[in-house]
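*Asks:* Dumping the structure here so I can ask a few things about it.
None of the figures in this text is laboratory data; all of them are computed from the coordinates on show. Everything numeric here is computed off the predicted structure, so don't read it as measured data. Don't worry about glycine lacking a Cβ; one is built from the backbone with ideal geometry, like all the others, and counts go over all protein chains shown.
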Amino acid sequence: MLLDEQYKPLSDWTLFRPHPVRLGFLQMLQRMVWNPYWNESLFVVSCTERLLDYPTQHSEKQIIKRIIYDLCSIRDAAKSTASASHVQFRIDLVQRVNGELRQTVAYTANLQKLT
Amino acid sequence: MSLLVVEFETALRWTEILLGFAFAQQSLEHLTRFSIERLIFFPRLVLSLLLIFGWQTPWVLLALFVLALVMLKCFQGPYNGGADRMGLLILCCCCLVQLAPTQAWKEIAIGYLSLQLTLSYFISGWVKVVNHEWRSGQALCDVFQFSTYPVSENLRLLHLSPRLLFFASWFAMGLELLFPLALFSQIGLLIALTITAVFHFSNACFFGLNRFFWIWISAYPSLLWFQQRVFVEF
């Protein structure tokens, strides 16, 4: 979620790196040898699991570093996010409980200045 | 009877070449990311290429081992979970071969790698089969429905085919649990390794786990040698 100087939210919670709707077989083949973005996303998933099991600054830093990196590359093009000064992330956990899917907020990180 | 004669030196050399390729592929992916990562992964790329070409292999392996420790420190653990752990295991066994004083100890190092590779399948199958959700196919449905792994949203629709996923679950569990039996025959092992390679390939396509494919197949030559050494020569 992006926030302004007064920590007012500029947007709702947004999914980090949403998956593409469709991926062709040729793209999958290409990903056999070149898949840096996806592998980095898997590392972010590992960091979220570590944060939930035994929180460390390292895991939070690794996640926020990649969120800011992505945001900064988008921010150049999107004016709507240009006024943002802070960012915050949270981890939502989806679990099957008694046969039904349940989504809970498992972790909310501290506000981080966008640099 | 043996269809294919796999010498120890040949198996070791192919393991090093495939490991070098897997490490080079991983390192190239990191070069596009953060500058701190480039400091680690550019030397790793160069060392991986030297490993492929077989130049000063003992020193190259030692340097790759030191870099692996730096990576563990940098990422506070493996970057890519099981793929990195398997890479480290293969690297350690190749280093031990270089340090081993006699041929017997060299063979023990590669034998250890082969046993770990076999156990990697068997234990993975065991963990699944003792779990009711895997036996019912629900676990695989959940993987497709809401885990972070499927590479695209349309693949999530596979959770709507529980019968297919039930059979897929039992295929995966059967393959993993029965894998050790393939060691009793070379042709059986060749067939099993082909099926597991296709299994890793499909995991790469469905879940984007490309690194698992390259790193696991790099241990296959060692297992082919081990099968011959233990089940044919004895």
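*Asks:* To one decimal place, what Kirkwood hydrodynamic radius in Å is obtained for segment B:8-232 from all pairs of distinct Cα atoms? Walk me through the numbers on the way to the answer.
*Replies:* On the way: mean 1/r = 0.0534 Å⁻¹.
One over the average 1/r among Cα pairs gives 18.7 Å for segment B:8-232.
*Asks:* Are there trypsin sites (Lys or Arg not before Pro) in segment A:20-113 that DSSP marks as loop and that have at most 16 other Cβ atoms within 10 Å, and which are they?
*Replies:* Values: sites: A:22, A:31, A:50, A:61, A:65, A:66, A:75, A:79, A:90, A:96, A:102, A:113; in loops: A:22.
Listed in order of number, the matching sites are A:22.
*Asks:* Going through segment B:1-56, which GluC sites (Glu not before Pro) have at most 11 other Cβ atoms within 10 Å and a DSSP loop state?
*Replies:* On the way: sites: B:7, B:9, B:16, B:29, B:37; in loops: B:7.
Passing both the DSSP loop test and the Cβ count: B:7.
*Asks:* What spacing in nm lies between the two simple spin-label points modelled at residue A:106 and residue B:72, each 7 Å away from Cα in the Cβ direction?
*Replies:* It works out to 2.5 nm between the two label points.
*Asks:* Compute the Cα gyration tensor for the protein assembly as shown, then decide on rounded, prolate or oblate, letting a ≥ b ≥ c be the square roots of its eigenvalues: rounded whenever a/c is under 1.5, prolate when a/b is larger than b/c in the other cases, and oblate in all that remain.
*Replies:* Oblate shape, in that a/c is at least 1.5 and b/c is the bigger or equal ratio.
*Asks:* So which GluC sites (Glu not before Pro) in segment B:143-234 end up in coil per DSSP with only 12 or fewer other C-beta atoms within 10 Å?
*Replies:* Those satisfying the criteria are B:233.
*Asks:* With only Lys, Arg, Asp and Glu charged, each at its Cβ (+1 for the first two, -1 for the last two), find how big the charge dipole of chain B is about the Cα centre; round to the nearest 20 debye.
*Replies:* Roughly 300 debye for chain B.
*Asks:* Measure out, as a whole number of angstrom, how far apart the alpha-carbon centroids of segment B:23-52 and segment B:192-234 sit.
*Replies:* A separation of 24 Å, based on Cα centres.
*Asks:* What helices does chain B hold that run 30 Å or longer along their axis, going by alpha-carbon atoms, with a Kyte-Doolittle average of 1.0 or more, using DSSP H for the helix calls? Don't jump to the answer; show the numbers that get you there.
*Replies:* Details: long enough: B:8-31 (34 Å, 0.36); B:103-129 (39 Å, 0.63); B:186-207 (31 Å, 1.61).
Qualifying helices: B:186-207.
*Asks:* Restricting to DSSP H runs of at least four residues, report the calculated mean residue ellipticity at 222 nm for the protein assembly as shown, -39500 (n - 2.57) per run over all residues, nearest 500 deg cm²/dmol.
*Replies:* On the way: 14 runs with 225 residues, N = 349.
Value at 222 nm, helices only, nearest 500: -21500 deg cm²/dmol.
*Asks:* Would chain A count as rounded, prolate or oblate if I go by the C-alpha gyration tensor, calling it rounded below 1.5 in a/c and otherwise prolate when a/b exceeds b/c, oblate otherwise? Walk me through the numbers on the way to the answer.
*Replies:* Details: a/c = 1.62, a/b = 1.14, b/c = 1.42.
It comes out oblate by the Cα gyration axes.
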